[in-house]
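Worksheet: the structure to be examined is printed underneath.
The values are calculated or read from the model by the stated rules, or taken from the named source; none is laboratory data. All values reported here derive from a predicted model rather than from experimental measurement. Reconstructed Cβ throughout: ideal geometry from the backbone, glycine too, with neighbour counts over all protein chains shown.
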Amino acid sequence: MKKIIVYIVVSAAVISMCLGAAGCSTSTNVLAAQQSSENADSTEKDEASGEVLSASRDIFAMDTYMTVEAYGDHCQEAVDQAEEEILRLDQMLSTGSISSEISKLNQDGYGTVSRDTFYLIQRSLELYQETDGAFNIAVYPVMRAWGFTDQNYKVPDETELKKLISDMDLTGVVLDEKTYRVQLANDEMEIDLGGIAKGYTSSRIMDIFKSCKVESGMVSLGGNVQLYGAKADGSSWRVAIEDPNNLSGYAGILEAKNRAVITSGGYERYFEQDGKEYHHIIDPKTGYPADNGLKSVTIVSADGTLADGLSTSLFIMGKDRALEFWQAHSEEFDAVLIMEDGSIYITEGIENDFQTEQKSVIVRKEDSDE
Ligand code: AMP
Ligand code: MG
């Protein structure tokens, strides 16, 4: 008889660490929100003037726990707007809600969508091309076959998977930039923006921080972190990168400003059947969870949407292809790759910003054979 054990790690894969700074969120705050399941607020005020100096809120949306923090003028307004934006995008992009734009598009096979949805589909198609098909949003039927869409986990039949991946060719998707009309490639095709939507959401929150003219801010969407400016005292933010081989610890600390720091790892959502683990990041070439020795990939980039799309893509590619990809795009991002054996590969752009006590290799340009 099949024995299924289910694991879903809901804690942040990347924990925002604000060591020693007043008013900063920590993993403990995020966990407190999980327990109460309520959106929790906190503010810090100037005692003399009553002016709000910092504001933060814990929110549950997009199936995950989130924290938004802002500092300086208009910080409360920025946090309010950020929450509205998160809820708006969640409602629009969720495959779990039958009234979302994505669900309607999946039901009908075509439709006119909002600017946000159109932009995300367009970026996803670009990533599909650039990653040689590793990033493929037509993965939804495969996610369903594995039970990741309704928690009814099972290992699908190999012939079923072969059929499903044969319908995932995104080159047949037609986009009309003038009308935002999208036509999926075939009747079986259904899309899932789960590999990119949180990074887009965090980028949108950076736009809100900018338009509200806050001094600095941070958002952590289930461990996907994006940072606006420096911390209130002018120093860099410190982001702890979770150790996928020891979930109670972290693999290292990254110091960053104005960057998205986004991690993908099979350990975030998986089930176990007959002693084998199956996670939620699918290699479109096989229909099976990517299995190549990588345990997690963290992408550091100014572009949150790109960072999210690439964390998923490089995790599927495996170490060698991932580092080759970095060689070709090193101006756009940096990466931390953590292997099953605990070894860590750090690309040279963040060599002085990422501190780890574990065995690590700095990957330099045109030096990807290490
Ligand atoms: P992330 O945590 O950003 O790596 O996203 C994982 C999610 O992306 C999964 O839960 C799926 O919704 C979706 N996904 C899985 N495999 C792929 C793939 N090959 N390309 C694009 N999205 C994927
Ligand atoms: Mg991703």
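Overview of results
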item: Segment 50-72, subset of a type in the set (Asp, Glu) and not in a strand (DSSP E or B), residue nearest to Tyr200 (Cα to Cα); result: Asp63
item: Residues located in segment 195-209, provided they are of a type outside the set (Ser, Thr, Tyr) and in contact with a helix residue (DSSP H, G or I) (Cβ under 8 Å, 6 or more places away or on another chain); result: Gly195, Ile196, Ala197, Lys198, Gly199, Arg204, Ile205, Met206, Ile208, Phe209
item: Residue count, segment 296-309 (criterion: within 13 Å of ligand 1 (Cβ to nearest atom) and closer than 15 Å to Tyr345 by Cβ); result: 4
item: Subset of segment 292-346 (residues that are of a type in the set (D, E, K, R), more than 19 Å from the chain's Cα centre (by Cα) and either surrounded by fewer than 17 Cβ atoms within 10 Å (Cβ to Cβ) or at pLDDT below 95 (or both)); result: Asp320, Glu324, Glu331, Glu340, Asp341
item: Whichever residue in segment 234-290 is among the polar types (S, T, N, Q) and part of a strand (DSSP E or B) and, among such residues, is farthest from Asp353 (Cα to Cα); result: Gln273
item: Hits in segment 298-330 - residues which are of a type in the set (Ser, Thr, Tyr), outside any helix (DSSP H, G or I) and either free of Cβ contacts under 8 Å to residues at least 40 places away in the same chain or in contact with a Ser or Thr (Cβ under 9 Å, 6 or more places away or on another chain) (or both); result: Thr298, Ser330
item: Residue in segment 75-90 that is under 22 Å from the mean Cα position of the chain (by Cα) and not in a helix (DSSP H, G or I) present; result: no
item: Near pairs, Cβ below 6 angstrom, 6+ apart or cross-chain, from segment 275-297 (touching a residue at least 12 places away in the same chain (Cβ under 8 Å) and closer than 15 Å to Ser311 by Cα) to any residue that is near ligand 1 (Cβ under 8 Å from one of its atoms) and acidic (Asp, Glu); result: Ala290/Asp283
item: Residue list for segment 132-148, restricted to those being within 11 Å of ligand 1 (Cβ to nearest atom) and in contact with a Lys or Arg (Cβ under 9 Å, 6 or more places away or on another chain); result: Gly133, Ala134, Trp146, Phe148
item: Of residues in segment 168-215 being without any contact (Cβ under 8 Å) to a residue 60 or more places away in the chain and under 25 Å from the mean Cα position of the chain (by Cα), the one nearest to ligand 1 (Cβ to nearest atom); result: Leu170
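A quick yes/no check of all residues on (1) among the polar types (S, T, N, Q); (2) over 29 Å from Val68 (Cα atoms):
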| residue | (1), (2) |
| --- | --- |
| Glu83 | no, no |
| Arg88 | no, no |
| Gln91 | yes, no |
| Thr112 | yes, yes |
| Gln129 | yes, yes |
| Pro141 | no, yes |
| Thr159 | yes, yes |
| Tyr180 | no, yes |
